[in-house]
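The values are calculated or read from the model by the stated rules, or taken from the named source; none is laboratory data. In this text, all values refer to a predicted model and were calculated from it rather than measured experimentally. Positions of Cβ are backbone-derived with ideal geometry, glycine not excepted, and every protein chain shown enters the neighbour counts. For accessibility, only protein heavy atoms count, side chains too; no ligands or nucleic acids. Shrake-Rupley method; radii C 1.70, N 1.55, O 1.52, S 1.80 Å.
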Number of protein chains: 2
Amino acid sequence: MEYNDKQTAIIDIAERLFSVSGFDGTSVRDIANEAGVNVAMISYYFGSKEKLMEAVFEHKSNKMRLKVENLIQDTEMTPIQKIYLLIDEYVEKFLDQKNFHMIMMREQLTDKRTPVSELILELKRRNLESVRMLIHDGQKKGVFKKNIDISMMMGTLIGTVSQMVLSQPFYRKVHGMEELGEQEFRSHIRKKLSIHLKKLFKALLTNEA
Amino acid sequence: MEYNDKQTAIIDIAERLFSVSGFDGTSVRDIANEAGVNVAMISYYFGSKEKLMEAVFEHKSNKMRLKVENLIQDTEMTPIQKIYLLIDEYVEKFLDQKNFHMIMMREQLTDKRTPVSELILELKRRNLESVRMLIHDGQKKGVFKKNIDISMMMGTLIGTVSQMVLSQPFYRKVHGMEELGEQEFRSHIRKKLSIHLKKLFKALLTNEA
DNA sequence: TAAAACTAAACAAACGTTTAATTAAATTTA
DNA sequence: TAAATTTAATTAAACGTTTGTTTAGTTTTA
């Protein structure tokens, strides 16, 4: 779907507000005011608030899709190097697309089946499949262990990153980083997560010390 | 605070609805209807919808508090055994108090400062302190490594469990468990999580293979 | 001049909360 | 103990806002 400037403005604002206040906690008037458009424009352009949410999701979700196609075919890198790259891509994406990530979490918390929740399942299924191929490749080459619980592994990858995003205020308080700017803090967490997760996955996947 | 039967009924229903539909997605009429009381009773007993949320949190939060006081003083168990017990307690608590856990996640997703968000910070601070003492004890005894990032470690512990709770529908679909009962599925995930996290933490904390 | 973009106003429904009246329980008085 | 009185529990209805959406009219663009 192609959107004009005003439509993308609405989508951008909606993403932020849905992320921070939730779907029910955000009114179409909030969105319209912040986007600088008339309330009626949202129904006019998107049909309804629900449809706007779907538009937000469809328009932003491609940025959350892993790009590992060429990674798999690459013959220069070792399997563990590929996993390291994958970890950094996940960390990068989740911190970069924080608002979208939070919308996904919110959506998964509810039990209602919506078009959006179907899109989330599809997105996760595709990403899981990419990772599975990377792992199997490493196993075929004899570098990775045989008994790897990929679902749990993904749970740890996504879960750890999500948790650090979620508990940002707590982390700042504990580490005396309350005054640190958002960019600096994000860079700090990015490094910490990268080191931590690589250590974890090396132990989980390989037999090396 | 002491509550009578009708009040605890309201709190129980509210916990479930807030968990599944969110604070803004749940109306006081929904709660009143499901609890079988008049709408006005909620204001009468709790003052407001916000205050009801606080009551839910205060009344349920003690079940999420770690009980490690005697664990620390115990001299029979090895440090790693204590960590294993801690992991099982976390897994148990999070799966058992799923609704409360989801409310906590939801609350952490919003950036508004409420009395509830303050209570969450305090709960997390206390739990972190308990774990920190367990780790330091193991380090003093020379069993655990020196350079352990406790915040990241906790992020992985809580994050992994949270993620498995969150992505339950996805997990069921991937593993063909869509028809499995809630109890059976919970038991399945409990075991998987326990094994996975213990493996992870052993690698993270000790130098053993 | 026809189509698209945009606006202010109005719409009914749902929201959290309050009110005023009634019933039930507890306490005091005779 | 029985009646009288006070307090607490409960109700249906109403309150004023806010909600998402629609309408009918106006301005802009093609």
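Relative contact order for region B:65-205: what percent, with Cα pairs under 8 Å and sequence separation of 6 or more?
With pairs under 8 Å counted, the relative contact order is 37 percent.
Seen from B:Arg186, the other residues with C-beta closer than 12 Å to its C-beta sum to a net charge of +1, counting Lys and Arg as +1 and Asp and Glu as -1. Chain B contacts chain A over a buried accessible area of about 4000 Å², both sides summed; the probe is 1.4 Å and only protein chains count. For A:Glu76, the point set 7 Å out from Cα toward Cβ sits 5.9 nm from its twins in the other copies, listed from shortest up.
Among the GluC sites (Glu not before Pro) found in region B:110-205, those both in a DSSP coil and sparsely packed, with 11 or fewer other Cβ atoms within 10 Å of their Cβ, are B:Glu178, B:Glu179. The angle between the Cα long axis of helix A:150-166 and the main principal axis of chain A comes to about 50°, on a 0 to 90 degree scale. Projecting the Cα positions of A:Met154, A:Ser19, B:Gln81 onto the charge dipole of the protein assembly as shown (unit charges on Cβ atoms of Lys, Arg, Asp and Glu, taken about the Cα centre) puts B:Gln81 furthest along the positive direction.
The residues neighbouring A:Pro115, those whose beta-carbon lies less than 10 Å from its own, together hold a net charge of -2 under the Lys/Arg +1, Asp/Glu -1 convention.
Listed by chain and number, the aspartates and glutamates whose alpha-carbon sits under 19 Å from that of B:Lys67, ignoring those within fewer than 8 places in the same chain, are B:Glu58, B:Glu76, B:Asp88, B:Glu89, B:Glu92, B:Asp96, B:Glu122, B:Glu129, B:Asp137.
Sites listed here are GluC sites (Glu not before Pro) in region A:1-45 whose DSSP assignment is loop and whose Cβ has at most 14 other Cβ atoms within 10 Å: A:Glu2.
Between helix B:49-61 and chain B there is an angle of about 30 degrees, using the helix long axis and the longest principal axis of the Cα atoms. Label points for B:Met133 are taken 7 Å from Cα along Cα→Cβ. From this copy to the others they lie 5.1 nm apart, shortest first. Rg and Dmax of region B:1-79, based on Cα coordinates, read 17.0, 55 Å.
Using only side-chain charges placed at the Cβ, +1 for Lys and Arg and -1 for Asp and Glu, the dipole size of the protein assembly as shown relative to its Cα centre rounds to 1280 debye. Accessible surface for region B:98-171, divided over its residues, is 38 Å² per residue with a 1.4 Å probe. Take B:Arg186, push a point 7 Å out from Cα through the beta-carbon direction, and compare it with the same point in every other copy: 3.9 nm, smallest first. Computed from point charges on the beta carbon alone (+1 for Lys and Arg, -1 for Asp and Glu), the dipole magnitude for chain A about its Cα centre is near 760 Debye.
Electrostatic bookkeeping for B:Val91 treats Lys and Arg as +1 and Asp and Glu as -1; over the other residues with beta carbon under 11 Å from its beta carbon, the sum is +2.
Can you tell me the orientation of helix B:115-140 relative to chain B, as the angle in degrees between its alpha-carbon axis and the longest Cα principal axis, to the nearest 10? The angle comes out near 10 degrees. Report summary: the helix-based calculation at 222 nm, which adds -39500 (n - 2.57) for every DSSP H run with n ≥ 4 and divides by the residues of chain B, gives -24000 deg cm²/dmol. Comparing A:Arg29, A:Arg106, A:Arg190 in a Gaussian network model of chain A (Cα springs below 10 Å), the most mobile by mean-square fluctuation is A:Arg29. Peptide packing: for B:36-43, B:21-28, the average count of neighbouring Cβ atoms within 10 Å per residue gives the ranking B:21-28, B:36-43, highest mean first.
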